[in-house]
Amino acid sequence: MAEGPRDDIGTGAAGEEWSRPARTQVTIRDVARASSVSVSTVSKALNNSGSLRQQTRDKVIAIAKELGFRPNDLAQSLHRGQSFTIGLISNDNFGRFSIPIMEGLEEHLTNSRISVFMCNAADDPEREELHVESLLKKRVDGIVVTARRVDRRRALEIGSSGLPVLYVFSQADDPNAFCLLPDDEGGAELGVEHLVRLGRRQVAHITGPERFQAVRDRRDGYRKALARHALDEPEGFYLPGVWSEGWGREAVAQLFRSSREPPDAIFCGSDQIARGVTDALRERGIVVPKQVSIVGFDNWDVMAEASRPPLTSVDMNLKELGREAGRRLIDLIAGKEFRGVRRIPCTLVIRESCGARSRAAGKPTGGI
């Protein structure tokens with residue numbers, strides 16, 4: 001029986017056959033042999049350097065592609081002093097916040113041919129240390145640290161490596177660290193300002209646990225917006241609790257339990273809480289937004305778009321936060337220095353729950 005064509009046999013430019021052992025990684029010497037040129041010529045062609053005829057360069061590139069040749073990134077990284085990889089260490093087990101940040105980060109870094117290694121530390125300091133050690137051994141060019149909350153954390157231990165480290169949606173306890181955060185306070189101001197402009201004057205705020213920095217920042221934004229319009233915060237209208245729909249329903253019961261004038265708007269510290277608030281109001285026969293306008297926070301589409309009515313919500317622009325992290329990380333790798341906290345503006349996504357006619361996104365808050 002005649003043999004079929006062999007995958008490990010090719011024909012060089014001069015017509016001679018050459019072969020390489022099966023299951024062996026193609027090397028630059030294989031490409032040179034198949035192209036009938038020197039190794040240095042292959043290197044120049046693949047790196048788009050040196051003085052070569054375009055015909056020669058195109059031929060070498062085509063043969064390298066045909067053979068499935070891939071440059072040795074480790075060897076190249078040692079030669080040029082850069083690996084074109086970065087590490088992303090996250091404590092966000094669910095990916096609610098880290099995935100959009102990673103998408104924006106990769107979107108920007110891809111243009112610079114930089115790849116991202118993602119590691120889940122799961123709030124385990126020992127596991128995080130192992131990830132850091134592994135990334136340092138891989139000679140990554142920088143590390144991005146992110147989390148599921150913006151509260152302060154212990155700074156990453158990188159020894160004397162001098163490796164650039166950037167905290168995104170996370171803060172380090174080192175004053176020299178560089179942190180990128182959403183503007184929670186400005187986002188809250190944006191949401192409450194919108195409600196006031198719609199004519200609402202009795203605005204309550206139902207939110208999560210006060211031990212979280214984001215809760216305190218959003219509370220401050222809520223109060224600043226009210227003060228700007230000389231509006232009082234009635235006693236009992238600020239209700240911190242837990243991040244759950246159940247707390248949203250319970251808080252509504254507290255707001256409408258007393259004989260005081262009920263709220264005509266509720267600003268919620270999360271979309272999850274807002275979902276519980278809208279359900280509780282509907283069960284009481286209170287029409288949203290005709291009688292009470294609702295604004296949430298996070299613009300979590302799973303919650304915001306599935307609510308009835310769909311939620312107007314403050315968007316932290318996490319993907320843009322990731323893009324900005326990519327821009328800043330490249331600057332850090334290039335030797336620029338940044339420190340302190342910089343905040344990315346939030347925007348307001350308008351849906352039916354607030355009663356506004358327009359569905360367009362609101363203007364962004366603040367800036368960095």
Is it the case that segment 116-129 has a residue that's more than 16 Å from the chain's Cα centre (by Cα), under 17 Å from V165 (Cα atoms) and of a type in the set (D, E, K, R)?
-> yes
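Would you check if E233 is under 28 Å from A356 (Cβ atoms), at pLDDT below 95 and either not in a strand (DSSP E or B) or not assigned by TED's automatic domain parsing to the domain that holds W300 (or both)?
Values: under 28 Å from A356 (Cβ atoms): yes; at pLDDT below 95: yes; either not in a strand (DSSP E or B) or not assigned by TED's automatic domain parsing to the domain that holds W300 (or both): yes.
Criteria met by E233.
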Of the residues in segment 61-73 that are closer than 10 Å to I28 by Cβ and among the hydrophobic types (A, V, I, L, M, F, W, C), the one that is modelled with the lowest pLDDT is F69
Quick one: in segment 197-217, which of the residues that are part of a helix (DSSP H, G or I) and within 17 Å of S313 (Cβ to Cβ) is farthest from the chain's Cα centre (by Cα)?
-> R197
Residues of segment 29-59 satisfying the condition of being part of a helix (DSSP H, G or I), surrounded by fewer than 18 Cβ atoms within 10 Å (Cβ to Cβ) and aliphatic (A, V, I, L, M) = V39, L46
Pairs returned, first residue in segment 306-324 that is under 27 Å from V292 (Cβ atoms), second residue that is among the aromatic types (F, W, Y) and at pLDDT 95 or above, beta-carbon separation under 7 angstrom, 6 or more apart or interchain, are S313/F297; V314/F297
If you check E189 against the conditions, is it surrounded by 15 or more Cβ atoms within 10 Å (Cβ to Cβ), of a type in the set (D, E, K, R) and in contact with a Gly (Cβ under 8 Å, 6 or more places away or on another chain)?
-> yes
Which condition number in (1) of a type in the set (A, V, I, L, M); (2) closer than 21 Å to S115 by Cβ; (3) assigned to a strand (DSSP E or B) is the one that L181 fails?
-> (2)
Failed condition for V292, given (1) more than 15 Å from P309 (Cα to Cα); (2) free of Cβ contacts under 8 Å to residues at least 60 places away in the same chain, with all others met?
-> (1)
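Can you go through S353, S313 and tell me which one is touching an Asp or Glu at 6+ places or on another chain (Cβ under 6 Å) and at pLDDT 95 or above? Give the derivation first.
On the way: S353 fails: touching an Asp or Glu at 6+ places or on another chain (Cβ under 6 Å).
The match here is S313.
The values are calculated or read from the model by the stated rules, or taken from the named source; none is laboratory data. Not measured: the values here are computed from a predicted model. Counting neighbours? That spans all protein chains shown, and the Cβs are built from the backbone with ideal geometry, glycine included.
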